[in-house]
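In what follows, a single structure is set out as structure tokens and then discussed.
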Amino acid sequence: MSEASQTTNGEEVENAVAADQIIEKRIGCAHYKRRAKFVTPCCNKLYMCRYCHDEKEQHYFNRKSVTELICTECDMRQKVQAECSNCGVRFGKYTCLICNLFDDEDKKQYHCEGCGICRVGGRDRFFHCERCNMCLPVQLQCVGHRCVENVSRANCPVCLEDIHTSRIPCHIPDCGHLLHRPCFEQMLKSGHYACPTCQTSMIDMTNLWNYLDSEVDATPMPPEYADYKTTILCKDCHKLSIVKFHVVGLKCQFCGGYNTCQTNGFHKDSSTSEACETASPSSSTSSSSTSRSGSSSVTFEREERHVDAGDELPRANPMDEPPQA
């Protein structure tokens, strides 16, 4: 009786393992749910998708170069097509023979002729900008966006990975440059709010600018530096202005922001007597060098302190470029 029971249990285990293998055989891989394997022309091996190939090989695989595949239902080797020529099974509910993409999961995939690739998210939610040469959310058609020619053909400035063919969503700041959304969120958590490409503020900085205004008012400069001025360039409005030097920050006279940098050393106001100006030229020069570095470090510390004091980081509107399918 016990031997028969053990035999029955063994058969059940074998059947369960066989069933799991069939399910695994049909659902594809961790990246795509499909019923076909690619015959990779670069190394003549079988892989479920290009990501499975790239994880194991030392070279990259372009799925558009595939000319043959193998049906996972009947193991029939055949040319790339939507359905198996032997058993008739469809390799994926979504099929694009331009990109050689097969996927059973509904991700609202669509092929963009302008981008030359398949994207996810739904064709009705995005439009293709000819100058940017990429798909953008339809909301930007109403509010407008800054065009940057072929912007998605560059790598992410944070992780240096490709953007155009990435499966990771990309954030689109007001400046028009792209970076992966996880990279953007990590920058905010680290206290960096400027675009890594052009240094323009990527989020609304009004609260921080107001905080720095109060800090400047509460921290008067010593009398010997009270009359010093400097020329600054605003990284947000891109205008030059002459402002009073302050170690906390240098406020743009046009947009009121502190995302600025000095274009030269500071100097005494023209109303100051020439005698006082020539009395200590070396002191003025050395103070200029020290204060420039001090201004940067103090401003950075103030920004971090402001972030720590709040309940959460400032958040941008998540209107991202659709990732590749």
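State whether the residues of the stretch 138-161 include one that is among the β-branched types (Val, Ile, Thr), open to solvent by less than 50 Å² (accessible area, probe 1.4 Å) and either over 28 Å from residue 181 (Cα atoms) or not in a loop (DSSP other than H, G, I, E, B) (or both). Yes; the residues of the stretch 138-161 include at least one that is among the β-branched types (Val, Ile, Thr), open to solvent by less than 50 Å² (accessible area, probe 1.4 Å) and either over 28 Å from residue 181 (Cα atoms) or not in a loop (DSSP other than H, G, I, E, B) (or both).
Of all residues in the stretch 225-249, those satisfying the criterion of being charged (D, E, K, R) and within 19 Å of residue 205 (Cα to Cα) are 235, 236, 239.
In the stretch 165-185, the qualifying residues are those that are open to solvent by 60 Å² or more (accessible area, probe 1.4 Å) and over 10 Å from the mean Cα position of the chain (by Cα), and the one that is farthest from residue 244 (Cα to Cα) is 167.
Do we find that residue 85 is under 25 Å from residue 162 (Cβ atoms), outside the structural domain of residue 162 (by the TED database) and not charged (D, E, K, R) in this structure?
Considered against the rule, which asks whether it is under 25 Å from residue 162 (Cβ atoms), outside the structural domain of residue 162 (by the TED database) and not charged (D, E, K, R), residue 85 comes out as no.
Against the test of being modelled with pLDDT under 95, not assigned by the TED database to the domain that holds residue 222 and not in a loop (DSSP other than H, G, I, E, B), the options 261, 276 yield a single qualifying residue, 276.
Here's a check for you: in the stretch 171-185, which residue that is outside any loop (DSSP other than H, G, I, E, B) and in contact (Cβ under 8 Å) with a residue 40 or more places away in the chain is nearest to residue 249 (Cα to Cα)? Top of the filtered list is 184. For the stretch 108-122, filtering for residues that are of a type outside the set (A, V, I, L, M, F, W, C), on the phi < 0 side of the Ramachandran plot and crowded, with 16+ Cβ neighbours inside 10 Å leaves 4. Checking each residue in the stretch 186-210 for being hydroxyl-bearing (Ser, Thr, Tyr) and either open to solvent by 30 Å² or more (accessible area, probe 1.4 Å) or part of a helix (DSSP H, G or I) (or both) picks out 190, 197, 206. Filtered by the rule that a residue be out of contact with any Cys (no Cβ under 7 Å at 6 or more places or on another chain), open to solvent by less than 50 Å² (accessible area, probe 1.4 Å) and in contact (Cβ under 8 Å) with a residue 24 or more places away in the chain, the stretch 123-137 gives a lone residue, 137. When you scan the stretch 226-236, do you find a residue that is open to solvent by 70 Å² or more (accessible area, probe 1.4 Å) and touching a strand residue (DSSP E or B) at 6+ places or on another chain (Cβ under 8 Å), even just one? Yes: one or more hits.
Of everything in the stretch 37-63, what is among the basic types (Lys, Arg) and surrounded by 12 or more Cβ atoms within 10 Å (Cβ to Cβ)? Give them in sequence order.
Within the stretch 37-63, 37, 45, 50, 63 qualify.
The C-beta contact set for the stretch 81-94 (first residue within 21 Å of residue 63 (Cα to Cα), second residue of a type in the set (A, V, I, L, M) and open to solvent by 40 Å² or more (accessible area, probe 1.4 Å), distance under 9 angstrom, 6+ apart or interchain) comprises 81/97; 82/97; 84/76; 85/76.
The values are calculated or read from the model by the stated rules, or taken from the named source; none is laboratory data. Computed from a prediction, not measured in an experiment: that's the story for all the values here. A quick note on method: Cβ atoms are made from the backbone with ideal geometry, for glycine too, and the neighbour counts reach across all protein chains shown. Note: accessible area is taken over every heavy atom of the protein model, side chains too, but ligands, DNA and RNA are not part of it. Shrake-Rupley method; radii C 1.70, N 1.55, O 1.52, S 1.80 Å.
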